[in-house]
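What follows is one structure encoded as structure tokens, with my remarks underneath.
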Amino acid sequence: MNFARNLCRWIDALNRGVGYVVAWAAFLVVLAVFTDVIMRYAFNTSYVFVQEMEWHLFSFIFLIGAGYTLLKDGHVRVDLIYQRLSPKAKAWINFLGVILFLIPGCYMIINTSYKFAHNSWMTFEGSPDPGGIPFRFIIKSAIPVGYILILLQGMALGIRSFFTIIGKDLEQEGQS
């Protein structure tokens, strides 16, 4: 029980830290877009590097921030039925969703994307556009890393859901 609680807390702390980094990345994407707009409309020029930086940061935010979003229960779901269920019924839905959909989906994407990222690292892939970002391999690495973070947070959700199903409060056990 202590191991499960500590594992869940560690995963939560990891994704909270990642969420903090992603918040700064969101600020950087605003700066990049602002810079691009000013350069385009005030000086009638544009830089490929800045445009690519926008989509690299945007991709980073969504890929790396998805685990944090799962931690905060911020992913889109149809709540018409779910919101009215008991905590145990919600736990069953979360547990089955993690086991049947999240873990296999993450495994499939991690298994295919790490090869994609590895090949990119082996060639130090950069932008094919003149003046583009020379480090495209970094953003391609965000795909498997992001899904590993989702998988970890999903495992924490599954563990918590399991303990709710069996009638134990993972966070309260051993603290009395």
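Nothing in this text is a laboratory measurement; each read-out follows from the coordinates by a stated rule. Since we're looking at a predicted model, the values are computed, not measured. Positions of Cβ are generated from backbone atoms using ideal geometry, with glycine treated the same way; all protein chains shown enter the neighbour counts.
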Query raised in the report: Where Rh denotes the Kirkwood radius from the mean inverse Cα pair distance, what is Rg over Rh for segment 100-176?
Result: 1.26
**Report entry** Calculated Rg and Dmax of segment 26-101 using C-alpha coordinates, Å
**Finding:** 19.8, 60
Query raised in the report: Under a GNM of the chain (C-alpha, springs under 10 Å), which listed residue has the highest mean-square fluctuation: LEU102, LEU31, LEU149?
Result: LEU31
Report summary line: Relative contact order in percent for the chain (Cα pairs under 8 Å, 6+ apart) equals 33
Report summary line: Output for segment 1-98: chymotrypsin sites (Phe, Trp or Tyr not before Pro) sitting in coil per DSSP, at most 15 other Cβ within 10 Å, listed by number, reads PHE43, TYR47
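Show that you can apply the helix-only estimate: for the chain, add -39,500 (n - 2.57) for every DSSP H stretch of four or more residues, divide by all residues, and state [θ] at 222 nm to the nearest 500.
-25000 deg cm²/dmol
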**Report entry** Residues of type lysines that LYS90 reaches as a straight line, Cα spacing below 16 Å, ignoring anything fewer than 8 places off in the same chain
**Finding:** LYS72, LYS168
Report task. Treat every Asp and Glu Cβ in segment 55-176 as -1 and every Lys and Arg Cβ as +1, leave all other atoms uncharged, and give the resulting dipole magnitude about the Cα centre to the nearest 20 debye. Result -> 220
Query raised in the report: Taking a quarter of the surface of the convex hull around the Cα atoms of the chain, what do you get in nm²?
Result: 13.2
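Among HIS56, HIS75, what is the fewest-to-most ranking by other Cβ atoms within 10 Å?
Going from least to most buried by this count: HIS75, HIS56.
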Query raised in the report: Over segment 102-176, what is the mean sequence separation of C-alpha contacts under 8 Å (at least six apart), divided by residue count, expressed as relative contact order in percent?
Result: 31
